[in-house]
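Trainee: Okay, here's the structure, questions in a sec.
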Amino acid sequence: MSVTLALVNQKGGCGKTTSAIHLAAALAVAGHRVLLVDFDPQGHATLGLGQQAPETGRVLADLLRAPGGPPPGAIAEVAMEVREGLYLVPGTLGLAGLEVELSGCGQPEQRLERALQESGQWDVVVIDCPPNLGFLTLNALSACDDVVIPFDGSPFAIQAVGRVGQTLETLGEMTGHRPETWYLPVMVAARDRLGRAVVEQMRARYSGQVLAPGVRRSVVFPQAAAVGRTVSEYRPRCPAAMDYPDLAQRLVDRWRRDRRFEADFSGLIRRGQELVFTHRHLSPCEVRLAGEFNDWVPDGGVRLIEGADRWEKRLTLPPGRYEYKFILRDRWMVDPANPDRVPNSQGTLNSVIEVVSETASPSAARARPPASRPWPEAERVHRGSRRSAEQRAPMIRRHFRPSSR
Ligand SMILES: Nc1ncnc2c1ncn2[C@@H]1O[C@H](COP(=O)(O)OP(=O)(O)OP(=O)(O)O)[C@@H](O)[C@H]1O
Ligand SMILES: [Mg+2]
């Protein structure tokens, strides 16, 4: 079961591509399998991830222009893995000519939907649209379950968003397809009074659908794009680096609540000196646990307890600070519910959990740094103490993990 999300607004430069890249990357870092479709002939999402469309071989435009349309699931043919768990379908200039090329064909605006059908291997598909409401955007709207409309704080933002709303209305009347719609404020600086007024008007008009507070204005976004990286890769400790991961988590929470996202799971939790991982939907062999506590041997030393509607994996550990990862099917991933992560020798991240002695003094417990954001459940993992990069470096070198990952 997957969710397809399109970033749409005919207004240029309002953050569609930046949002598509960062949402896709944040969802992949959180352990989901994500496909980012660069559906803009400008190819900015491709460039923003430091990629280029292949010079030879088939590209998305070739699939869509094929006589009779693409076979279901054909998109996998043109996707490439660009980060752990993040796949990209590059955008090329050829997309621009499709509308004319396909003008005599039946239902040309459903070709992307068909190419994505039954692809099944991704948890989330994110589509970056061009700055118009033409043929490509209509294809994306037909293919998606959710639409995110980024808007900035400019005076024309409300009018632009209204046009997208009208297009969605027309689509709904013509096809019966009514994607869930979200409005995302971006680039609104804290001191921008006009921008904040625009956000307030949007909240009044689209109550419950505005993803406020949204994404702050920060120079790190264009800086990171210029070097083909996400902000989390470029400046992981900058406050803006958490805006999209927080947003991604809110969307996932919503999808989970609507039972649209059952493959998702919450993270490792601590019960006394036991670490516990619970799941309802996946089978125990589909998701395993490896870390410093079991020499990175998947599920080494883990006890499995199976219940009627869920199972648990448990580990009892001595006090200490442990790096770990989940292995979802065959893919190693950080714990999506634990923001404490450190770089590892493979150039990716490990999650960190700290087990403290149950007899530790209350003053020692108080000395721990405060959580930067609330845990979704009362009994969440212990946050590891933050260390400087210099302090971490020897530890990262020491902990080699198998390269088979
Ligand atoms: N939160 C932000 N703070 C500061 N600058 C941002 C932010 N988000 C995006 N930008 C910058 O604004 C510019 C436009 O962003 P982006 O390319 O994402 O918009 P777009 O809607 O995709 O544009 P287009 O309509 O051309 O496709 C880029 O230079 C981008 O780096
Ligand atoms: Mg763009």
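Trainee: Extension gain SER345-ARG235, at 0.36 nm per residue separation less the Cα-Cα distance, in nm? Don't jump to the answer; show the numbers that get you there.
Mentor: Numbers: separation 110, 0.36 × 110 = 39.60 nm, distance 1.83 nm.
Fully extending the segment from SER345 to ARG235 adds 37.8 nm.
Trainee: Now, a different point. Quick one: putting +1 on the C-beta of Lys and Arg, -1 on the C-beta of Asp and Glu, what dipole do you get for the range 3-257 around its Cα centre, in Debye to the nearest 20?
Mentor: Details: 24 positive and 26 negative charges, 202 e Å.
The dipole of the range 3-257 has a size of about 980 debye.
Trainee: Between the range 160-235 and the range 70-99, what's the alpha-carbon centroid distance in Å?
Mentor: Using only Cα atoms, the two centres lie 24 Å from each other.
Trainee: Return the loop-located GluC sites (Glu not before Pro) in the range 185-279 (DSSP other than H, G, I, E, B) with at most 15 other Cβ atoms within 10 Å of their own Cβ; answer none if there are none. Let's see the in-between values first.
Mentor: On the way: sites: GLU200, GLU233, GLU262, GLU274; in loops: GLU262.
Of the GluC sites (Glu not before Pro), the ones in loops of the range 185-279 whose Cβ has at most 15 other Cβ atoms within 10 Å are GLU262.
Trainee: Next question, about the same structure. For VAL219 and ALA76 in one chain, what is 0.36 nm times their gap in residues minus the Cα-Cα distance, to one decimal in nm? Show your work: numbers first, answer last.
Mentor: On the way: separation 143, 0.36 × 143 = 51.48 nm, distance 3.44 nm.
Going from the current span to full extension adds 48.0 nm.
Trainee: I'd like the Karplus ³J(HN,Hα) series for the range 140-145: coefficients 6.51, -1.76, 1.60, θ = phi - 60°, whole numbers in Hz, and an x wherever there's a Gly or Pro.
Mentor: 5, 5, 5, 8, 9, 8
Trainee: In whole Hz and in residue order, list the ³J(HN,Hα) couplings for the range 311-321 that follow from phi through the Karplus curve 6.51 cos²θ - 1.76 cosθ + 1.60, θ = phi - 60°; x for Gly and Pro.
Mentor: 10, 10, 10, 10, 9, 9, 10, x, x, x, 10
Trainee: If you average the sequence gap of Cα pairs under 8 Å that are 6 or more apart and divide by the length of the range 1-145, what percent do you get for the contact order?
Mentor: Values: 296 pairs, mean separation 60.5, N = 145.
For the range 1-145, the relative contact order is 42 percent.
Trainee: What is the set of long-range amide H partners of GLU274 at a cut-off below 5 Å, with H atoms built 1.01 Å from backbone N?
Mentor: So GLU274 has HN proximity to no qualifying residue.
Trainee: Work through the residues other than PRO67 whose Cβ is under 14 Å from its Cβ and net out their charges, Lys, Arg +1 and Asp, Glu -1. Could you put the intermediate results ahead of the total?
Mentor: Numbers: positive: ARG65, ARG111, ARG114; negative: ASP62, GLU101.
The answer is +1.
Trainee: Modelling each spin label as a point 7 Å along the Cα-to-Cβ direction, I'd like the GLU55/ALA226 distance in nm, to one decimal.
Mentor: The answer from the label model is 2.7 nm.
Trainee: In the range 201-248, what trypsin sites (Lys or Arg not before Pro) fall in a loop by DSSP, with at most 12 other Cβ atoms inside 10 Å?
Mentor: Values: sites: ARG203, ARG205, ARG216, ARG217, ARG229, ARG237; in loops: ARG216, ARG217, ARG229, ARG237.
The qualifying sites are ARG237.
Trainee: Sum up the charges of everything whose Cβ sits under 14 Å from the Cβ of GLU233, counting Lys and Arg as +1 and Asp and Glu as -1, but leave GLU233 out. If you can, show how the numbers build up before the last one.
Mentor: Working: positive: ARG83, ARG229, ARG235, ARG237, ARG341; negative: GLU84.
Its environment carries a net charge of +4.
Trainee: In the range 3-257, what % of DSSP beta bridges are antiparallel (nearest 5)?
Mentor: Numbers: 3 of 28 bridges.
Just about 10 percent of them are antiparallel.
Trainee: FRET efficiency for ILE305 and ARG193, Cβ-Cβ distance as r, R0 = 51 Å, nearest 0.05?
Mentor: Numbers: r = 56 Å, r/R0 = 1.09.
After rounding to 0.05, the efficiency reads 0.35.
Trainee: What residues have an amide H closer than 5 Å to that of ASN350, excluding those fewer than 5 places away on the same chain, when H is modeled at 1.01 Å from N in the peptide plane?
Mentor: Placed amide hydrogens put VAL342, ASN344 under 5 Å from ASN350.
Trainee: Moving on. At 0.36 nm per residue, minus the direct Cα-Cα distance, what do ASP246 and ARG205 gain on full extension? Give it in nm, one decimal, please. Write down the numbers at each step before the final one.
Mentor: Working: separation 41, 0.36 × 41 = 14.76 nm, distance 2.37 nm.
Stretched fully, the ASP246-ARG205 segment lengthens by 12.4 nm.
Trainee: Find out how many positive minus negative residues lie around SER19, taking Lys and Arg as positive, Asp and Glu as negative, among other residues whose Cβ is under 14 Å from that of SER19.
Mentor: Values: positive: LYS11, LYS16, ARG216, ARG217, ARG250; negative: ASP38, ASP40, ASP128, ASP146, ASP152, ASP243, ASP246.
Charge balance near SER19 sits at -2.
Trainee: Counting only residues 5 or more places away or on other chains, whose amide H sits under 5 Å from the amide H of VAL147 once H atoms are built in the peptide plane?
Mentor: ALA6, GLU180, THR181, TRP182
FYI, it's all coordinate maths here, none of it is from the lab. This is a predicted model, so every value here is computed, not measured. Counting neighbours? That spans all protein chains shown, and the Cβs are built from the backbone with ideal geometry, glycine included.
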